[in-house]
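Working notes, structure below.
The values are calculated or read from the model by the stated rules, or taken from the named source; none is laboratory data. The structure presented is a predicted model; accordingly, all values stated were derived computationally and were not measured. When we count neighbours, we look across all protein chains shown, and the Cβ atoms used for this are built from the backbone with ideal geometry, even at glycine. With ligands, DNA and RNA removed, areas are computed over all heavy atoms of the protein, side chains included. Shrake-Rupley method; radii C 1.70, N 1.55, O 1.52, S 1.80 Å.
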Amino acid sequence: MNLESFLLLSLVLFSLGLFAVLAHRNLIAVLIGVELMMNAASLNLMAFNRFSVTDPVTGQVFVLIIIGLAAAEVAIFLSIILNLYRTRRTIDAEQLTELKG
Amino acid sequence: MEQAVQYLFVGLVLIGGGMAALSRHVLYNIIGLGISLFGLAGLFLQLGSPFVAAMQLLIYLGGITVAIVFAMMLSIAMTLDPPPRTPVKTGFAAIAALTFGVGLHGLISTATFATAPPAPADAWAVAHIGSALLERYNLVFETLSVVLLLAIIGAILIARPDRTGKVA
Amino acid sequence: MEPLSLILLTTVAPLAAFTLAILLLMQQPRLAQIVVIGGGTLSLAGAALLLFQGPMAPLRYLWFTSGDMQLRFGFLFDGISLMFGVAVALITLCVMVYSLGYMGHDPSKTRYFAMLALFEWAMLSFVYAVDLLQSFIFWELVGLASFFLIGFWYEKPSATAAAKKAFLMTRVGDVGLFIGVLLVLQVAGHFDIPGLLAADTGLVAQAKPAVLTMITLLIFVGIVGKSAQFPLHTWLPDAMEGPTPVSALLHSATMVAAGVYLMARLHPLFMGSETTLGVILVIASITALLAATMAMVATDIKKVLAYSSISQLGFMLLGLAAGSLFAGVFHLITHALFKALLFLCSGLFIHHFESNDLAQIGRRGGRRMRFATAGLLVGGAALAGIPPLGGFFSKEEIFAALGQDGVTIYSIVALLAAFLTAYYTFRMIFLVTRPAHMEQPAPEDHAHGHGRAEPWSMALPVLLLTVGAAIAGFWGSAIASGLGIGAAHHSLASMAPAVLVVIAGVLLAWMDFGRQSAARVGFIARIPALEKLFNNGWYVDAFYDAVVVRTTMLIATILHAVENKLFDGSFDRLGFSVLGIGAGTTRLQNGWVQFYAGWTVILIGVAAAYIGMGG
């Protein structure tokens with residue numbers, strides 16, 4: 001597999017994540033979509049590192065940091081979901097419309 | 001053989017991703033995410049980075065996915081009926097995702113990427129990553145640890161009941 | 001004493017009283033009255049001492065320089081200003097003292113007294129002004145103070161309307177006056193009154209005849225407004241809405257007299273233009289006659305006096321325009337005394353009976369009020385021109401001035417007006433003093449809360465002015481010498497027509513109103529059309545209403561519509577369309593984050609495709 005095919009795979013994964021984020025009403029499913037997109041980005045970085053960058057370490061460090069940030073993000077996201085659920089009894093994205101104009 | 005393993009992982013990624021993105025059940029979404037992450041870890045291994053693959057399995061599959069499952073159970077979203085989909089919204093999301101995918105695919109297919117000379121055999125060793133994290137990327141590493149600490153504190157603050165003792 | 005300190009005493013004392021009263025003494029009406037009357041007394045003392053010292057060189061102080069033009073502030077001490085200043089200060093003081101009784105129960109009398117002081121300051125500063133622009137400034141201040149005084153009872157809508165009317169109508173004249181003053185500046189380059197009047201270097205020598213006519217006519221427009229001459233006279237009867245002492249002050253010696261005074265002040269200029277003099281003669285004779293006819297039918301005692309003021313001002317202008325400065329100034333001063341007296345007497349009646357109606361005052365026993373009746377008799381006789389009272393001599397001077405070129409239409413009109421004056425004056429006197437029957441004073445009249453019918457504070461000024469009006473006729477030679485003119489002596493034969501018309505007028509009034517069997521209806525009632533005409537003031541107000549007011553309203557309505565529909569409308573439409581766009585775009589903000597994100601993603605995709613295609 002060459003760089004282009006990895007990029008294509010990553011693009012498909014990213015688009016799936018995007019669809020999940022845009023389509024799902026359940027906030028947890030939305031979070032899963034976000035995770036998919038992050039992983040697509042990770043795959044992208046690894047592939048670039050493997051095929052077109054001389055320094056072998058940068059991409060891996062990048063991915064490691066993404067994993068770490070993803071952990072932080074998930075922690076915050078889940079706590080927000082819990083809070084929402086406690087205060088509003090719902091985690092439906094379509095009912096959280098306080099910013100409606 | 002190697003080719004076949006590679007396609008297996010690619011297939012796992014796609015199938016998992018499809019499950020995660022398209023299923024209406026949150027549990028299936030999580031399972032799909034897990035499958036997809038597992039496939040990605042395999043691909044990382046294929047790309048020559050066993051350490052990152054291991055981290056992917058450990059943190060993502062072992063930590064994040066499990067955390068999501070916990071949250072799901074806490075918010076009893078699982079026991080609820082899956083909310084019905086509105087066709088307009090689904091269609092809109094599909095159009096948006098497709099537009100993005102096609103647009104970016106056009107970008108990828110027309111772009112030319114530089115190719116690097118093959119790296120030495122030991123270039124992807126764990127020792128390099130370790131020294132890079134502690135030397136070149138020390139600041140990033142430390143910052144990440146601070147971010148994680150803050151995220152944990154923030155998560156606790158946000159998730160815990162009100163100080164008034166009122167439990168919703 | 002120094003003329004400077006005297007003039008400062010005269011003019012600054014009322015100003016200081018005004019400032020003190022309005023700033024510090026709003027809560028202490030008693031103290032405010034003392035301060036204001038003290039200021040008036042000091043002012044009168046200063047003016048009297050100045051008159052005592054006789055004419056002096058004017059004082060001038062540079063105010064500011066603008067280009068070649070130097071604006072000066074200063075004081076002019078010649079015969080006219082010295083005598084008139086004393087008259088103003090005297091009558092103002094009388095009115096102030098009188099107001100102690102008349103306004104004693106008014107809750108906001110501090111404001112009233114403060115305004116009196118303001119008025120006195122403005123009027124005296126106008127009288128002594130050495131600079132035409134200074135004159136104009138104080139002329140306007142007089143108008144402002146009279147606005148406050150006429151509209152003193154601002155809770156009465158008619159009073160505020162009258163104040164506005166007075167202010168606006170005099171403003172019409174003041175526009176003309178201001179243009180005239182500016183023309184003077186353009187021609188002469190300065191405003192100095194003695195310089196303008198100088199025979200060899202003054203305005204008459206400098207200006208072309210047409211320009212001089214223009215200037216004098218424009219100044220005369222201002223005089224028409226201020227002195228309530230036809231056709232701008234209608235504000236004066238309405239101004240009777242003010243307190244009666246205010247009427248006595250404004251319509252005898254000060255406010256309306258300011259116009260006549262300005263003409264006397266600038267008399268040489270007016271003498272330089274035959275055209276202007278002709279115009280003034282026409283306007284003044286129309287006014288004298290017109291106002292006299294209106295006074296014949298008025299039933300309100302103050303209205304009678306108001307119309308007679310207009311008429312007498314016409315007489316003064318007639319005298320001045322006929323070329324006799326002395327006649328005009330003499331009549332100005334005698335009129336100031338007897339008209340102030342008459343107004344104060346009417347105030348006594350009104351204060352006691354709380355009615356303005358002549359017949360009612362008579363029925364309820366007007367003649368039992370001794371001071372008021374005495375004042376009414378003396379003042380009325382002086383107004384009618386009964387020898388040897390004040391009005392007779394001064395009117396005689398006017399007739400003499402008018403008749404110096406033989407009998408003209410003006411002298412006939414003036415005689416007719418004098419006849420009517422005698423008639424309506426004695427109509428007023430007879431209606432008050434010889435009613436057909438008298439009601440016995442009801443006992444509760446005494447418990448009315450006024451105490452004495454004629455308190456001393458009100459009786460004393462009346463008494464003083466009665467004496468003044470009685471003897472003013474003999475000051476003719478003194479006034480003439482003060483003006484630097486030798487008083488001409490008129491033969492008895494030349495006085496005959498004036499005496500005859502007065503006697504005829506009094507007799508007719510006796511026939512109509514005085515004798516026991518009289519009908520108490522004027523002879524004019526037999527001609528209903530004329531009576532209606534007079535009663536409605538020759539329809540001048542109706543004409544203004546129909547033409548000026550309507551036209552203005554029409555224009556205003558059109559402009560309002562233009563403003564509303566065109567300007568407001570288009571801006572409204574702009575605003576509403578912005579609102580509409582906003583309302584439309586709000587619908588995009590449906591609150592779904594996913595919807596927003598979707599649009600963002602689509603945009604990024606389109607941008608990527610565009611870049612990918614090599615755009």
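Gap in Å between the Cα centre of region C:89-108 and the Cα centre of region C:54-78?
34
Please compute the alpha carbon radius of gyration of region C:543-612, then divide it by the globular-protein estimate 2.2 N^0.38 Å. Two decimals is fine.
Numbers: Rg = 26.2 Å, N = 70, 2.2 N^0.38 = 11.1 Å.
Ratio of Rg to 2.2 N^0.38 Å for region C:543-612: 2.37.
Please list log₁₀ I(q)/I(0) at q = 0.08, 0.10, 0.11 Å⁻¹ for the protein assembly as shown, using the Debye equation with identical point scatterers on the alpha-carbon positions.
Cα-only, vacuum Debye calculation for the protein assembly as shown: -0.71, -1.06, -1.24.
Can you tell me what the convex hull of the Cα atoms of chain B projects to on average, as an area in nm²? Before the final figure, lay out the partial values.
Details: hull surface 60.1 nm².
Result: a mean projected hull area of 15.0 nm².
Please list C:154, C:128 from largest to smallest accessible area, probe radius 1.4 Å, with all protein chains kept in place. Could the numbers behind the result be given before it?
Working: C:154 140, C:128 0 Å².
Listed by decreasing accessible area, they come as C:154, C:128.
Averaged over peptide B:11-19, how many Cβ atoms belonging to another chain are found within 10 Å of each residue's Cβ?
Numbers: counts 0, 0, 9, 4, 0, 4, 13, 4, 2.
Per residue, the number of nearby Cβ atoms from other chains is 4 on average.
Take the alpha carbon atoms of region A:3-95, find their radius of gyration, then divide it by 2.2 N^0.38 Å using N residues; give the quotient.
Numbers: Rg = 15.9 Å, N = 93, 2.2 N^0.38 = 12.3 Å.
Normalised by 2.2 N^0.38 Å, the Cα Rg of region A:3-95 equals 1.29.
Extending each Cα 7 Å along its Cβ direction at residue C:172 and residue C:8, get the distance between those two points in nm, one decimal.
If labels sit at residue C:172 and residue C:8, their model points lie 4.3 nm apart.
Which value in nm describes the separation of the simple spin-label points at residue C:568 and residue C:155, placed 7 Å from the Cα toward the beta carbon?
Inter-label distance under the simple model: 3.4 nm.
Listed highest first by mean packing, meaning other Cβ atoms within 10 Å per residue, what order do A:85-94, A:7-16, C:556-565, C:251-260 come in? All intermediate terms of the calculation are to be shown ahead of the outcome.
Working: A:85-94: 16.9, A:7-16: 23.3, C:556-565: 10.8, C:251-260: 29.0.
Top of the packing list down: C:251-260, A:7-16, A:85-94, C:556-565.
Short version: ³J(HN,Hα) in whole Hz for each residue of region C:105-119, in order, from phi by Karplus 6.51 cos²θ - 1.76 cosθ + 1.60 (θ = phi - 60°), x for Gly and Pro, what are they?
9, 7, x, 10, 6, 4, 4, 4, 5, 4, 5, 4, 5, 4, 4
For a distance above 48 Å, tell me the whole-number percent of Cα pairs in chain C that qualify.
On the way: 39062 of 188805 pairs.
For chain C, the fraction of Cα-Cα distances above 48 Å is 21 percent.
For a quick protection proxy, order the peptides C:90-98, C:229-237, C:463-471 by their average other-Cβ count within 10 Å, most packed first. List each step's numbers first, then the result.
Details: C:90-98: 26.9, C:229-237: 24.0, C:463-471: 21.0.
The peptides rank, most packed first, as C:90-98, C:229-237, C:463-471.
Please name which of C:47, C:209, C:290 has its Cα lying farthest along the dipole of the protein assembly as shown towards the positive end, using unit charges on Cβ (Lys, Arg +1; Asp, Glu -1) and the Cα centre as origin.
Projecting each Cα onto the dipole axis, the largest value belongs to C:290.
If you place +1 on the Cβ of every Lys and Arg, -1 on the Cβ of every Asp and Glu, and leave all else neutral, what size is the dipole of chain C about its Cα centre, to the nearest 20 Debye? All intermediate terms of the calculation are to be shown ahead of the outcome.
Numbers: 32 positive and 31 negative charges, 205 e Å.
Approximately 980 debye in magnitude.
Taking H placed 1.01 Å from N in the peptide plane, check which residues at least 5 places from residue C:74 or on another chain put their amide H under 5 Å from its amide H.
It is C:61, C:130, C:131, by chain and number.
Give me the Debye-computed log₁₀ of I(q)/I(0) at q = 0.10 Å⁻¹ for region C:71-189, equal point scatterers on Cα only, no solvent, two decimals.
Values, matching the q order: -0.38.
If you rank C:63, B:124, C:153, C:139 by how much accessible surface each has, with a 1.4 Å probe, what is the order from largest down? Could you put the intermediate results ahead of the total?
Working: C:63 130, B:124 30, C:153 60, C:139 5 Å².
Descending accessible area places them as C:63, C:153, B:124, C:139.
Simple spin-label model, 7 Å along Cα-to-Cβ: residue C:613 to residue C:587 in nm?
In this crude spin-label approximation the distance works out to 2.9 nm.
Among C:435, B:115, B:126, which residue has its Cα furthest toward the positive end of the charge dipole of the protein assembly as shown, with +1 on Lys/Arg Cβ and -1 on Asp/Glu Cβ?
The Cα lying farthest towards the positive end belongs to C:435.
In peptide B:38-45, what is the residue-averaged number of other protein chain Cβ atoms found within 10 Å of each Cβ? Intermediate values should be presented prior to the final figure.
On the way: counts 0, 4, 9, 1, 0, 8, 7, 0.
The per-residue average across the peptide is 4.
Using helices alone, I'd like the mean residue ellipticity at 222 nm for chain B: each DSSP H run of four-plus residues gives -39500 (n - 2.57), total over residue count, nearest 500. Can you show the working numbers first?
Working: 7 runs with 113 residues, N = 168.
Counting only the DSSP helices, I get -22500 deg cm²/dmol.
In debye, nearest 20, what is the charge dipole magnitude of the protein assembly as shown about its Cα centre with +1 on Lys and Arg Cβ and -1 on Asp and Glu Cβ, if you could check? Please list the in-between numbers first.
Working: 45 positive and 44 negative charges, 394 e Å.
That gives the protein assembly as shown a dipole magnitude of about 1900 debye.
Quick check for you: with a 1.4 Å probe and neighbouring chains kept, what is the accessible area per residue of region C:6-74, in Å²? Spell out each step's value before the answer.
Working: 3810 Å² over 69 residues.
Computed with neighbouring chains in place, this is 55 Å² per residue.
State the Cα centre-to-centre distance between region C:560-615 and region C:198-258 in whole Å.
That distance is 66 Å.
Just to verify a number: what accessible area does residue A:37 come out at with the full protein assembly present, 1.4 Å probe, Å² rounded to tens?
Approximately 40 Å² of residue A:37 is accessible to the 1.4 Å probe.
With +1 on each Lys and Arg Cβ and -1 on each Asp and Glu Cβ, and nothing else charged, work out how big the dipole of region A:3-95 is about its Cα centre, in Debye to the nearest 20.
Numbers: 5 positive and 6 negative charges, 70 e Å.
Here region A:3-95 has a charge dipole of around 340 debye.
Would you mind giving the mean number of other chain beta-carbons within 10 Å of the Cβ of each residue in B:140-152, as a whole number? Please list the in-between numbers first.
On the way: counts 5, 4, 0, 2, 7, 1, 0, 6, 5, 1, 2, 10, 5.
Per-residue shielding by partner chains comes out at 4.
Give me a comma-separated list of calculated 3J(HN,Hα) values for region C:294-308, in order, Karplus coefficients 6.51, -1.76, 1.60 applied at θ = phi - 60°, integers in Hz, x for any Gly or Pro.
5, 5, 4, 10, 5, 9, 8, 4, 6, 5, 4, 5, 4, 5, 5
Probe radius 1.4 Å, ligands and nucleic acids left out: can you give me the accessible area buried at the C-B interface, summed over both chains, in Å² to the nearest hundred?
That pair of chains buries around 900 Å² in total.
I'd like to know which of C:543, C:553, C:588 lies farthest towards the positive end of the charge dipole of region C:543-612, counting +1 on Cβ of Lys and Arg and -1 on Cβ of Asp and Glu.
The listed residue farthest towards the positive side: C:588.
For the protein assembly as shown, give the share of DSSP beta bridges that are antiparallel, in percent and rounded to the nearest 5; count only bridges with both residues there. All intermediate terms of the calculation are to be shown ahead of the outcome.
Details: 11 of 12 bridges.
If we restrict to bridges inside the protein assembly as shown, about 90 percent are antiparallel.
Could you sort C:547, C:181 by accessible area so the largest value comes first, with the probe set to 1.4 Å?
From most exposed to least exposed: C:547, C:181.
Keeping all protein chains in the complex and leaving out DNA, RNA and ligands, what accessible area do you get for residue C:596 with a 1.4 Å probe, in Å² to the nearest 10?
Counting only protein heavy atoms, residue C:596 exposes about 80 Å² to solvent.
Which whole-Hz ³J(HN,Hα) couplings does region B:133-141 yield from phi under the Karplus relation 6.51 cos²θ - 1.76 cosθ + 1.60, θ = phi - 60°, glycine and proline marked x?
Rounded to whole hertz, the list is 5, 8, 10, 5, 9, 4, 4, 4, 4.
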